[in-house]
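Enquirer: One structure is given below, represented as structure tokens, and several questions about it will come after.
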Amino acid sequence: MSLDVSPQLLAEAEKGQVREQDFVETVRTSLPYAYDLVARLADQLRSGTAEFADNQTPPSEKERGQLLRALSSDAIRGSLERHFGVALAFQNCHRVAVFPPEARGGETYTRFTSLRAQILNQSPEFRDC
């Protein structure tokens, strides 16, 4: 299970629309590593001058699981992007990057998400991640 959904949020979903801030709070408490990593990278992006901020430190297996669950769900990923005002890009099992939303389609974002970058970012230690 990806998220620990409260009975209240489940009841709201059964009735209709869910407030995104309630969903993001559920993501924050259910997947704290993934949430905190995106938050930290978003802060780095805003406070720096680089075109993007990324994580290159492999997490523990538990943390990696959180990251994979967060980024493999369109709903979770999209909510994190909107909440933090970033565009997410993902390589391997741990290397997540944040870009300004307007960078999508730009040279740096396209290079980061390219087939070439994916191949060059491979390592035997990430084979089974």
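Enquirer: Starting from the Kirkwood radius over alpha-carbon pairs of the chain, derive D by Stokes-Einstein at 10 °C in a medium of 1.306 mPa s and give it in µm² s⁻¹.
Expert: Rounded to a whole number, D works out at 102 µm²/s.
Enquirer: On the protein heavy atoms, probe 1.4 angstrom, tell me the percent of accessible surface of the chain carried by carbon and sulfur.
Expert: On the way: 3930 of 7790 Å².
Carbon with sulfur: 50 percent of the solvent-accessible area.
Enquirer: With +1 on each Lys and Arg Cβ and -1 on each Asp and Glu Cβ, how big is the dipole of the chain about its Cα centre, in debye rounded to the nearest 20?
Expert: With only Lys, Arg, Asp and Glu charged at Cβ, the dipole is about 260 debye.
Enquirer: Okay, next question. Sum -39500 (n - 2.57) across every DSSP H segment of at least 4 residues in the chain, then divide by the residue count to get the 222 nm mean residue ellipticity, nearest 500.
Expert: -16000 deg cm²/dmol
Enquirer: Report the accessible area of His83, computed with a 1.4 Å probe over the heavy atoms of all protein chains in place, in Å² rounded to the nearest 10.
Expert: Accessible area, nearest 10 Å²: 100 Å².
Enquirer: On the full set of protein chains, 1.4 Å probe, figure out the accessible area of Leu120 and give it in Å² to the nearest 10.
Expert: Leu120 has an accessible surface of roughly 110 Å² with all protein chains in place.
Enquirer: Between Leu115 and Ala11, take the C-beta separation as r, use R0 = 41 Å, and let me know the FRET efficiency to the nearest 0.05.
Expert: On the way: r = 44 Å, r/R0 = 1.08.
For R0 = 41 Å, the calculated efficiency reads 0.40.
Enquirer: Once ligands and nucleic acids are excluded and a 1.4 Å probe is used, how much of Leu68 is accessible, expressed in Å² to the nearest 10?
Expert: It works out to around 60 Å².
Enquirer: Follow-up. Dividing the convex hull volume of the alpha carbon atoms of the stretch 1-74 by its residue count, what do you get in Å³ per residue?
Expert: On the way: hull volume 8.1 nm³, N = 74.
Once divided by residue count, the hull of the stretch 1-74 is 110 Å³.
The values are calculated or read from the model by the stated rules, or taken from the named source; none is laboratory data. This is a predicted model, so every value here is computed, not measured. Every residue, glycine as well, gets a Cβ built from its backbone with ideal geometry; the counts of neighbours run over all protein chains shown. What goes into the accessible areas is simple: the full protein's heavy atoms, side chains included, and nothing from ligands, DNA or RNA. Shrake-Rupley method; radii C 1.70, N 1.55, O 1.52, S 1.80 Å.
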